[in-house]
Amino acid sequence: MRKITDEWGKPMTLVYQSTRDANNKVTASQAILQGLATDGGLFTPTSYPKLDLDFEELKEASYQEVAKRVLGAFLDDFTEAELDYCIQSAYDDKFDTKAIAPVIKISDQQYNLELFHGATIAFKDMALSILPHLMITAAKKHGLKDKIVILTATSGDTGKAAMAGFADVPGTEIIVFYPKDGVSKVQELQMTTQTGENTHVVAIDGNFDDAQTRVKAMFNDPELRSKLADQQLQFSSANSMNIGRLVPQIVYYIYAYAQLLKQEELEMGEEINITVPTGNFGNILAAFYAKQIGLPVGKLICASNENNVLTDFFQTGTYNKQRPFKVTSSPSMDILVSSNLERLLFHLVGNSAEKTVDLMTALNKDGVYRLEDVDADLLALFAADFATEEETSAEIKRVYESAGYIEDPHTAVASAVFQKYKASTNDSRKTILASTASPYKFPVVVVEAITDTKGASDFEALAKLQEISNLPMPKAVAGLEEAPVLHHTVIETEGMQVAVENYLGL
Ligand SMILES: *Cc1c(COP(=O)(O)O)cnc(C)c1O
């Protein structure tokens with residue numbers, strides 16, 4: 001593997017700095033172990049590795065080989081053998097296609113990058129199938145004796161994908177909180193039927209933002225941390241706040257570009273746009289990092305559902321979370337506080353922890369902040385729009401009728417936003433569109449959109465979807481109706497910390 005060198009040719013280790021404290025700097029493996037910085041910030045690269053993206057070579061490379069390049073560059077305090085082990089353990093036959101992330105042509109300008117071929121049929125598998133291996137490897141490297149407690153708030157997909165990755169992994173315990181009324185039936189059953197001695201699933205009566213806020217508060221509570229330490233326990237995160245989730249997401253954008261070159265859909269060096277259905281801003285941030293290390297990207301198109309706080313942010317420069325929270329048919333994007341946006345802000349204000357703290361303090365205090373004096377070139381990389389529920393449903397139908405392809409509601413949000421983008425600009429660049437879930441995960445919405453019928457149950461809709469799509473039902477949903485429900489706990493949001501303390505015997 002190529003050693004990363006500084007401008008004088010000396011090998012160097014990449015620094016991950018907290019977005020809220022310039023003195024809090026760690027290496028990649030330390031950042032992965034900690035998950036979140038204890039000052040409340042997010043570990044973020046302050047410079048980018050120099051990576052030789054030779055696409056003549058990359059277009060012949062397997063997913064695993066591309067992963068090795070990218071992870072080797074960003075996670076540079078792992079050895080080659082360690083990364084090989086992690087990559088081989090993650091991207092194996094848990095995925096139902098050798099391509100791991102196939103790229104499908106939808107129209108002359110739109111290529112859907114299917115990120116849902118893993119164990120839980122949503123894009124979270126792309127990173128969560130490798131994160132446990134990275135974390136355990138990092139723990140060994142640092143001689144850590146503590147048990148790692150993964151504390152996770154989920155808007156529906158992270159929870160299941162994290163448990164699938166961490167179930168029965170020695171030295172780990174995983175606790176997942178999800179909004180009781182904020183996930184699809186299939187998503188809920190996927191979680192509540194999870195096996196594994198070390199898995200805990202808890203429904204709360206609040207929404208995702210409530211869950212995420214309390215999880216962050218537990219991470220930042222020194223008293224709770226010391227109670228954990230007394231029991232040889234330590235928290236880490238499986239959310240995209242963990243750099244160990246973000247970096248593996250860079251891989252597939254590079255891979256997709258290489259595949260499109262191979263399929264002769266792109267010319268060498270041709271600029272593309274990337275459209276991403278966005279919630280916590282992790283997936284699109286990974287695309288941003290792909291651009292920073294040399295992927296020829298024009299615009300990053302940020303697509304939101306009716307919780308369009310990011311659309312307003314990019315269009316006006318003001319982030320205002322004070323607005324009604326809407327439950328939509330794309331629940332994994334029902335988010336008003338996008339955690340990873342903090343990383344982009346940090347870059348926009350010149351990697352200044354001080355300025356980032358000011359903005360985040362305003363957000364906490366007043367629920368709103370306004371960008372001033374930012375790197376205008378960086379900001380101009382982004383375009384943003386949103387799709388209403390009606391537009392999303394119409395897009396599912398349009399794509400089905402025009403391309404014979406079935407998009408899940410999250411992908412359809414992105415697809416609808418890309419249509420609007422095309423109509424409102426004369427940008428003729430092609431787009432890679434992140435397809436974040438299988439339609440089988442949201443069968444009711446998809447079947448209603450395509451057939452204009454209403455009232456089918458989830459399992460009726462699954463059967464109907466199989467009939468319409470002619471695609472085999474994925475393992476992830478096939479046995480769900482009969483699987484025993486193993487987790488029944490429903491609590492008030494206020495009780496989250498008590499639940500954690502009970503599970504851990506604190
Ligand atoms: C998590 C998720 C998203 C949003 O991704 P972020 O990285 O949080 O922006 C979109 N679609 C699906 C299906 C998801 O599971």
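The values are calculated or read from the model by the stated rules, or taken from the named source; none is laboratory data. Computed from a predicted model, the values in this text were never measured in an experiment. Don't worry about glycine lacking a Cβ; one is built from the backbone with ideal geometry, like all the others, and counts go over all protein chains shown. These accessible areas exclude ligands, DNA and RNA; they are computed on the full protein's heavy atoms, side chains included. Shrake-Rupley method; radii C 1.70, N 1.55, O 1.52, S 1.80 Å.
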Of all residues in the range 134-161, how many are open to solvent by 10 Å² or more (accessible area, probe 1.4 Å), in contact (Cβ under 8 Å) with a residue 24 or more places away in the chain and not hydroxyl-bearing (Ser, Thr, Tyr)?
9
Scan 402, 424, 428, 393 and give me the residue that is buried (at least 18 other Cβ atoms within 10 Å of the Cβ) and more than 21 Å from the chain's Cα centre (by Cα).
393
Which of the residues that make up the range 41-94 are in contact (Cβ under 8 Å) with a residue 60 or more places away in the chain, farther than 23 Å from residue 257 by Cβ and of a type in the set (A, V, I, L, M)?
42
Please return the ranges of helices (runs of 4 or more DSSP H) entirely within the range 217-325 where 3 or more residues are within 12 Å of the ligand (Cβ to nearest atom) and buried (at least 19 other Cβ atoms within 10 Å of the Cβ).
243-262, 282-292
Among the residues in the range 121-133, are any buried (at least 17 other Cβ atoms within 10 Å of the Cβ), farther than 18 Å from residue 250 by Cβ and more than 16 Å from the ligand (Cβ to nearest atom)?
yes
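Among the residues of the range 190-208, write down those that are in a helix (DSSP H, G or I) and buried (at least 21 other Cβ atoms within 10 Å of the Cβ).
Filtering the range 190-208 for residues in a helix (DSSP H, G or I) gives 190-192, 208.
Once the filter is applied, which keeps residues that are in a helix (DSSP H, G or I) and buried (at least 21 other Cβ atoms within 10 Å of the Cβ), the range 190-208 yields 190, 191, 208.
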When you go through (1) within 26 Å of the chain's Cα centre (by Cα); (2) surrounded by 17 or more Cβ atoms within 10 Å (Cβ to Cβ); (3) polar (S, T, N, Q) one by one for residue 469, which number turns out not to apply?
(1)
Which pairs turn up if I take residues in the range 309-325 that are without any contact (Cβ under 8 Å) to a residue 12 or more places away in the chain and look for partners that are not in a loop (DSSP other than H, G, I, E, B) with beta carbon separation below 8 Å, at least 6 apart in sequence or on another chain?
312/318; 312/319; 312/320
May I ask you to list the residues in the range 126-182 that are under 18 Å from residue 203 (Cβ atoms) and hydrophobic (A, V, I, L, M, F, W, C)?
150, 151, 153, 161, 162, 163, 174, 175, 176, 177
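Confirm whether residue 408 is within 16 Å of the ligand (Cβ to nearest atom) and touching a Lys or Arg at 6+ places or on another chain (Cβ under 7 Å).
Numbers: within 16 Å of the ligand (Cβ to nearest atom): yes; touching a Lys or Arg at 6+ places or on another chain (Cβ under 7 Å): yes.
Yes; evaluated as a whole, the condition is true for this residue.
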